[in-house]
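These notes concern the structure reproduced below.
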Amino acid sequence: MDASSAEFVGYLASGLPGHRLLVLLSTRPGFVPWATLPAMETISVGRLGEADVERMTRTLLATDAVSRALLDLLAEKSEGNPLYVEEILHQLQETGAIVVEDGEARLGSGEVKVPASIHDIIAARIDRLTEPLKLTLRGASVVGRRFGTSLLSRVIEVAAVGVEGNLMELHAVDFVFPSAHDPEPMYSFKHALTQDVVYTGLLERRRRRYHAAVGVGLEELYAGRIDEVVELLAHHYGASAEDEKAVDYALLAAEKAQRRWANVEALAQFEAALARLASMPDTDPNRLRRIDAVIKQAEVKFALGRHAEHVEALEGIKDLVDAVADPPRRATWYYWTGFLLSLVGGHPEKAIAYCREALAIADASGFDEVRPFAECCLAHVLMAAGNLRAAIEVGERALATFEARGNIWWACRALWALSPVANYLGEWERGLEYGRRALDHGRSVNDLRLKVVGWWRTGSTHIQRGDAEPGLRCCEEAMALSPIAFDAAMVRAVRAYGLVKAGNVAAGTTELAEAVAWFERSQLHYTRSLFTLWLAEGHLALGQRAQARALLDTVLTSTRENGYRHLEGVAERLLGEALGPEDPTALAHLDLASRILEEVGARNDVAKALVARAGFRRAAGDYAGARAALEQALAIFTSLGTVDGPRLVASLLQSLPAQP
């Protein structure tokens with residue numbers, strides 16, 4: 001099974017539980033795609049028995065009876081395989097070894113020879129064909145299991161009328177059969193094994209020449225609509241000696257697969273292009289092809305969660321990009337590499353510098369169409385660096401351009417930066433509007449991934465605002481769309497935090513631990529750090545301060561090394577809470593948290609730090625100081641529209657001893 005089909009089968013299988021569907025899949029022995037499904041049943045189709053072979057033979061030969069000698073020969077040589085029975089009968093008929101008399105089929109006089117294997121039987125039948133029929137069959141085997149007369153005539157350089165006559169003769173002897181007549185006669189091999197035997201019998205040089213001819217024929221027949229057959233062109237040129245076309249069509253096929261989220265197929269095409277380029281001359285055009293083959297993997301590598309791997313590949317071509325790439329390619333390399341660096345680790349100065357370099361290239365070269373892509377990636381980088389207001393400004397600018405140009409996909413990517421930034425700022429209504437806007441864009445183009453991300457980002461805003469129930473419902477909507485692995489991991493993490501916020505702390509903490517482990521394996525330092533903070537918050541809610549401290553020590557190291565300023569502030573605040581009033585260093589952590597959070601403008605987190613500080617003042621007997629901190633926190637929560645903050649503060653204020 002090819003990669004795309006296997007991916008589709010896996011996707012289909014993942015969506016079956018809970019639905020009243022019966023799916024039947026016919027495969028060869030040994031392939032069990034859904035072995036883990038509890039409702040799957042494997043039915044093995046056994047060999048034909050002697051009585052079945054006899055009935056089949058009588059039907060094919062239109063006789064009333066079959067002699068014992070003929071039946072024994074068929075049963076022994078075919079081993080109960082119906083295809084083998086049919087091919088052996090063809091072999092015997094074509095060599096005059098079967099005689100039908102008085103309604104009975106029997107072996108003729110003389111020695112009867114049947115080749116040892118089904119491959120040999122089919123090959124022997126092909127050898128007895130006339131040369132024009134052999135030529136037609138060989139060309140057809142290269143075109144594919146199904147083929148049209150106009151393309152085949154181009155491959156074997158025979159007039160279409162001659163090809164049609166040859167195919168009619170091949171149909172008469174049961175090699176092919178007509179499968180359609182609109183807009184032209186179409187034929188198919190009767191069995192894939194027949195095509196395999198013919199194809200493998202071709203000399204390598206003829207096979208390559210025929211594949212190239214198929215490619216040329218497809219280009220002629222589909223001029224102006226090449227995208228319809230770009231996968232076929234990649235296949236045929238890939239099997240030919242035409243290196244440049246093999247690479248160019250592989251890249252086009254990869255991009256097409258990427259657009260429909262056929263990630264495994266897309267990656268296979270990109271890798272085929274790079275493998276072919278490795279054996280091609282080191283010319284400037286081939287260097288550009290190599291750059292394209294690496295850069296254009298961006299979306300598929302991102303969707304598969306292979307960000308660190310892609311950064312390594314991008315860094316590996318940096319010198320090549322700077323040496324030979326044109327401005328659009330150079331700008332693309334810089335903004336995408338900068339974006340990924342902010343996720344996989346490394347101080348933000350480098351990522352920011354890369355994005356700004358992309359902007360400088362665009363401005364210097366007059367490529368205004370590149371600027372919003374660089375601004376969008378810069379918004380993501382600034383978010384990771386904790387420069388939240390600047391991220392909003394540059395992200396809004398990119399969003400406006402993408403929406404004006406109708407680039408829905410990148411408009412959503414801009415919204416995916418703006419939504420969490422708004423959440424960090426505590427601007428909940430703005431965050432919800434960004435999420436809803438992304439979801440509406442996804443619906444407008446019916447893009448599965450855009451809808452999934454729109455749902456879970458909207459849910460994330462609800463949950464961080466403290467309104468868990470609608471957030472959890474959004475996560476359910478996202479999971480119902482059967483998201484790809486990376487997005488499913490994001491949804492599970494957000495849903496787990498929603499469970500913590502909803503009071504189901506133990507279950508949420510367990511699920512968050514699984515999410516953190518997933519992102520640890522993916523080497524996404526920023527996302528892992530964020531979810532680890534949520535996990536630490538769950539442990540604190542369970543009273544598990546030691547577990548929380550261990551996690552927070554790790555996160556603080558990571559956020560400091562990678563310049564995740566906002567996350568560093570949150571980690572300092574949680575560490576202060578985990579240490580508690582009895583630890584003399586705890587208050588210093590809270591003080592540092594407040595400074596960082598004020599600096600980045602994360603007002604909701606500032607309010608949380610005030611609540612934590614109030615607890616310390618209460619423990620010290622400073623009830624007036626505790627009340628002042630709580631009232632200040634309440635004012636911030638109320639102005640922002642945070643849902644759970646005011647409830648918490650009100651209960652804490654009520655529990656304070658009355659002032660004398």
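Structure summary
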| item | result |
| --- | --- |
| Residue in region 487-500 that is in a helix (DSSP H, G or I), of a type in the set (D, E, K, R) and modelled with pLDDT under 95 present | yes |
| Single residue of region 149-202 satisfying the filter (under 19 Å from SER117 (Cβ atoms), under 37 Å from the mean Cα position of the chain (by Cα) and aromatic (Phe, Trp, Tyr)) that is least open to solvent (accessible area, probe 1.4 Å) | PHE189 |
| Only listed residue being assigned to a helix (DSSP H, G or I), touching a helix residue (DSSP H, G or I) at 6+ places or on another chain (Cβ under 8 Å) and of a type in the set (S, T, N, Q), chosen from THR557, THR532 | THR532 |
| Where a residue in region 316-332 is of a type outside the set (Val, Ile, Thr) and its partner, wherever it lies, is at pLDDT below 95 and part of a loop (DSSP other than H, G, I, E, B), with Cβ under 7 Å and at least six apart | PRO327/PHE367; PRO328/PHE367; PRO328/VAL370; ALA331/PHE367; ALA331/VAL370 |
| Residues of region 312-346 satisfying the condition of being farther than 30 Å from ARG528 by Cβ, at pLDDT below 90 and not in a helix (DSSP H, G or I) | ALA325 |
| Flag for VAL161 being free of Cβ contacts under 8 Å to residues at least 24 places away in the same chain and among the β-branched types (Val, Ile, Thr) | yes |
| Every residue from region 214-230 that is under 16 Å from PHE147 (Cβ atoms), open to solvent by less than 50 Å² (accessible area, probe 1.4 Å) and within 29 Å of the chain's Cα centre (by Cα) | GLY215, LEU218, VAL229 |
| Total residues in region 5-22, condition open to solvent by 90 Å² or more (accessible area, probe 1.4 Å), assigned to a helix (DSSP H, G or I) and at pLDDT 70 or above | 0 |
| Filter result for the condition that a residue is at pLDDT 90 or above, in a helix (DSSP H, G or I), of a type in the set (Val, Ile, Thr) and open to solvent by less than 70 Å² (accessible area, probe 1.4 Å), over ILE88, ILE126 | ILE126 |
| Scope region 522-542; condition farther than 14 Å from TYR564 by Cβ, of a type outside the set (Phe, Trp, Tyr) and modelled with pLDDT of 95 or more; matching residues | LEU535, ALA536, GLU537, GLY538, HIS539, LEU540, ALA541, LEU542 |
| Of all residues making up region 272-294, the number that are more than 12 Å from GLU244 (Cα to Cα) and in a loop (DSSP other than H, G, I, E, B) | 1 |
| Evaluation of ARG449 against (1) modelled with pLDDT under 95; (2) under 22 Å from PHE637 (Cα atoms) (one fails), failing number | (2) |
| Conditions (1) closer than 26 Å to GLY49 by Cβ; (2) free of Cβ contacts under 8 Å to residues at least 60 places away in the same chain; (3) among the hydrophobic types (A, V, I, L, M, F, W, C); number of the one not met by LEU83 | (2) |
| Residue list for region 117-158, filter: over 15 Å from VAL176 (Cβ atoms) and among the charged types (D, E, K, R) | ASP120, ASP127, ARG128, GLU131, ARG154, GLU157 |
| Which listed residue, of VAL112, VAL99, is among the hydrophobic types (A, V, I, L, M, F, W, C) and either at pLDDT 85 or above or exposed (fewer than 14 other Cβ atoms within 10 Å of the Cβ) (or both) | VAL99 |
| Residue match in region 354-376 (condition: open to solvent by less than 10 Å² (accessible area, probe 1.4 Å), charged (D, E, K, R) and either closer than 22 Å to LEU418 by Cβ or out of contact with any Pro (no Cβ under 8 Å at 6 or more places or on another chain) (or both)) | yes |
| Per-region count, region 255-267, residues under 12 Å from the mean Cα position of the chain (by Cα), in contact (Cβ under 8 Å) with a residue 40 or more places away in the chain and assigned to a helix (DSSP H, G or I) | 5 |
| Some residue of region 31-50 being open to solvent by 40 Å² or more (accessible area, probe 1.4 Å), more than 25 Å from the chain's Cα centre (by Cα), among the polar types (S, T, N, Q) and modelled with pLDDT under 80 | yes |
| Top-ranked residue of region 602-617 - restricted to ones that are farther than 20 Å from GLY386 by Cβ and open to solvent by 10 Å² or more (accessible area, probe 1.4 Å), ranked as nearest to the chain's Cα centre (by Cα) | VAL611 |
| Residues of region 618-660 that turn out to be open to solvent by less than 80 Å² (accessible area, probe 1.4 Å), under 30 Å from LEU432 (Cα atoms) and charged (D, E, K, R), as a count | 1 |
| Selection from region 431-467 of residues that are surrounded by fewer than 24 Cβ atoms within 10 Å (Cβ to Cβ) and hydrophobic (A, V, I, L, M, F, W, C) | LEU432, VAL445, LEU448 |
| Some residue of region 174-185 being touching a Gly at 6+ places or on another chain (Cβ under 6 Å) and part of a strand (DSSP E or B) | no |
| Filter result (among the acidic types (Asp, Glu) and more than 20 Å from MET383 (Cα to Cα)) within region 577-611 | GLU577, GLU582, ASP583, ASP591 |
| Test for THR554: is it polar (S, T, N, Q) and open to solvent by less than 30 Å² (accessible area, probe 1.4 Å) | no |
| Pair list, Cβ < 6 Å and 6+ apart or interchain, from region 239-253 residues that are in a loop (DSSP other than H, G, I, E, B) to residues that are basic (Lys, Arg) | SER240/ARG208; ALA241/ARG208 |
| Residues of region 252-270 satisfying the condition of being closer than 14 Å to ASP292 by Cα and open to solvent by less than 20 Å² (accessible area, probe 1.4 Å) | ALA253, ALA254, ALA266, LEU267, PHE270 |
| Options GLU572, GLU582, GLU599: the member that is farther than 18 Å from GLY345 by Cβ and open to solvent by less than 10 Å² (accessible area, probe 1.4 Å) | GLU572 |
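The values are calculated or read from the model by the stated rules, or taken from the named source; none is laboratory data. What you are looking at is a predicted structure, and each value in this text was computed from that prediction instead of being measured. Note that each Cβ is placed from the backbone with ideal geometry, even for glycine, and that neighbours are counted across all protein chains shown. Accessible surface is based on the protein model in full, side chains and every heavy atom, while ligands, DNA and RNA are left aside. Shrake-Rupley method; radii C 1.70, N 1.55, O 1.52, S 1.80 Å.
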